[in-house]
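One structure below.
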Amino acid sequence: MEKIAAITGASSGIGLATAMLLAEKGWMVYALSRSGKSKQEHIVSPNIIHLKADVNEKYTLDSALNHILAQHKQIDVLVCNAGNGIAGAIEDTSTEEASYQFQTSFFGVHNTVCTFLPQMRQQKRGKIIIISSVAGFVPIPFQAFYAAAKSALLSYAKSLSMEIKPFGLQCCAILPGDTKTLFTSNRIIVQRAKLSNSPYVDRMAHSIRKMEEDEQNGIAAEVIAQCIVKQIQQKRMAPVTVPCVQYKLIAFLMRLLPNRPALYLIGRLYA
């Protein structure tokens, strides 16, 4: 039987890499994005259909789901990948800017889940993948709101997995570390952080340079896609999984170390 997947934020990066890998395995994949097309035009597959859907506009998600169901009458996997990033000191970040971070990265996921979940529940089968981040358990200075949104997503995914289990559904949170994608160039610096009189300007600039360097030398999106697809193929998905050995080690150390030395080490790197 044909398997159907929907992936948000699938015009590039992890979302597109996951779409390609599933398509190679015979899945029909609906790649959802604000543009409704791939940013990597050379990547073409008859098993990937690009649709316009903005996770901040629920009616566009409703339209995408209706289109999928009209063609296939089912949705087997939902990957919530769309997100954004802001950077700047907490003191320099306005409430409006912080809200922008949460609107897409957290509430956009909630909009997506609430759109697709009723169909999955009716089917009594289906898997939901939520892309959180290692930042969900490793606080990042000068990206506090990104880390907070990803931490919220991690808790959201765990709670969701318990709520939907009686309906035969599963949820897995994937926590990538530094990954080489367009996310780096799309990161937004908050307005007050750009001012020379910000008391944080030099340290923040150093922190962002370090983060961008780590990302551009980071894991390929295809590696994260392999982790996502591996979970999809499991009979029982893990509630939480961290791709790559080095980030599994970081996760272990964060559980093991007391807060003071853990924050000291992170601060030496990024603050």
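Odds and ends about this structure:
- Selection status of Asn66, of a type outside the set (Val, Ile, Thr), on the phi < 0 side of the Ramachandran plot, assigned to a helix (DSSP H, G or I) and surrounded by fewer than 19 Cβ atoms within 10 Å (Cβ to Cβ): yes
- Residue in the range 3-22 that is of a type in the set (A, V, I, L, M, F, W, C), in contact with an Asp or Glu (Cβ under 7 Å, 6 or more places away or on another chain) and crowded, with 22+ Cβ neighbours inside 10 Å present: yes
- Filtered by the rule that a residue be touching a Phe, Trp or Tyr at 6+ places or on another chain (Cβ under 8 Å), open to solvent by less than 40 Å² (accessible area, probe 1.4 Å), under 25 Å from Lys235 (Cα atoms) and not in a helix (DSSP H, G or I), the range 78-124 gives a lone residue, Leu78.
- Residues of the range 159-189 classified as open to solvent by 40 Å² or more (accessible area, probe 1.4 Å) and touching a strand residue (DSSP E or B) at 6+ places or on another chain (Cβ under 7 Å), total: 4
- Pairs where the first residue, in the range 218-240, is free of Cβ contacts under 8 Å to residues at least 60 places away in the same chain and over 15 Å from Val79 (Cα atoms) and the second is part of a loop (DSSP other than H, G, I, E, B) and acidic (Asp, Glu), C-beta under 9 Å, 6+ apart: Gly218/Asp178; Ile219/Asp178
- The range 241-268, subset outside any helix (DSSP H, G or I) and in contact (Cβ under 8 Å) with a residue 12 or more places away in the chain, residue farthest from the chain's Cα centre (by Cα): Cys244
- The residue pairs whose first member lies in the range 91-102 and is farther than 10 Å from Ala144 by Cβ and of a type outside the set (D, E, K, R), whose second member is modelled with pLDDT of 95 or more and open to solvent by less than 40 Å² (accessible area, probe 1.4 Å), and whose beta carbons are closer than 6 Å, counting only pairs six or more residues apart or on different chains, are Phe102/Ala149.
- Enumerated helices (runs of 4 or more DSSP H) restricted to the range 132-221, each holding at least 3 residues that are closer than 20 Å to Gly13 by Cα and not polar (S, T, N, Q): 144-164, 201-216
- Filter result for Ile75 (in a loop (DSSP other than H, G, I, E, B), over 26 Å from Glu212 (Cα atoms), touching a strand residue (DSSP E or B) at 6+ places or on another chain (Cβ under 9 Å) and among the aliphatic types (A, V, I, L, M)): yes
- Taking first residues from the range 190-210 that are at pLDDT below 95 and partners that are basic (Lys, Arg) and open to solvent by less than 60 Å² (accessible area, probe 1.4 Å), the Cβ contacts under 9 Å between residues at least 6 apart in sequence or on separate chains come to Ile208/Arg187.
- Qualifying residues in the range 211-232 (those that are open to solvent by 50 Å² or more (accessible area, probe 1.4 Å) and either at pLDDT below 95 or of a type in the set (Val, Ile, Thr) (or both)) - the one farthest from Asn186 (Cα to Cα): Val223
The values are calculated or read from the model by the stated rules, or taken from the named source; none is laboratory data. Every value quoted in this text rests on a predicted model; they were computed, and no experiment measured them. Note that each Cβ is placed from the backbone with ideal geometry, even for glycine, and that neighbours are counted across all protein chains shown. Keep in mind that these areas ignore ligands, DNA and RNA; they rest on the heavy atoms of the full protein, side chains included. Shrake-Rupley method; radii C 1.70, N 1.55, O 1.52, S 1.80 Å.
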